[in-house]
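One structure is given below, encoded as C-alpha cells.
Values in this text are rule-based calculations from the coordinates and carry no lab data. What you see is a predicted model; the values in this text were computed from it and never measured. Using ideal geometry, Cβ is built from the backbone for each residue, glycine included, and neighbour counts are taken over all protein chains shown.
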C-alpha cells in the first residue's frame, strides 16, 4: 500500500547515494510499487487512527514518517519499507525493511 506522497518520498530518498541505487533502479522500484501495490487515497487516510493519534516523537522525530504508519494501519500491511527502521520497529507490528533489504526480498519473490 502506498499514497502519492509516499511514492514521491521513496523516489527522493532512494536516489540518495547511501542506498547505492542507480536512477533506473529507483524508477523500477517506484513503478513496481505502483503496479503491485494498492493506493490509499486521502479520504481513507482521514479515517486512519493517526488522524487523531500522533505517535510519540521519540519514535518519529520526523513527523512525515507518521504518514507511513497511517497507510500501514489503513491497509493492514505486512511490511513497511523505510531507511530508518528503528522509527517503526517499536510502533508497528508489520515487518520493517530497509530499502536494500526490500529490493532483495522483491528479487527473490519475483524470481521464484
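Extension gain for residue 76-residue 104 works out to 7.8 nm (0.36 nm per residue, less the C-alpha to C-alpha distance). For the pair residue 62 and residue 28 in one chain, pulling the backbone fully straight at 0.36 nm per residue adds 9.6 nm over the alpha carbon distance.
Taking the highest mean first, how do the peptides 67-73, 31-37 order by number of other beta carbon atoms within 10 angstrom per residue?
Details: 67-73: 22.6, 31-37: 12.7.
The densest-packed peptide leads the list: 67-73, 31-37.
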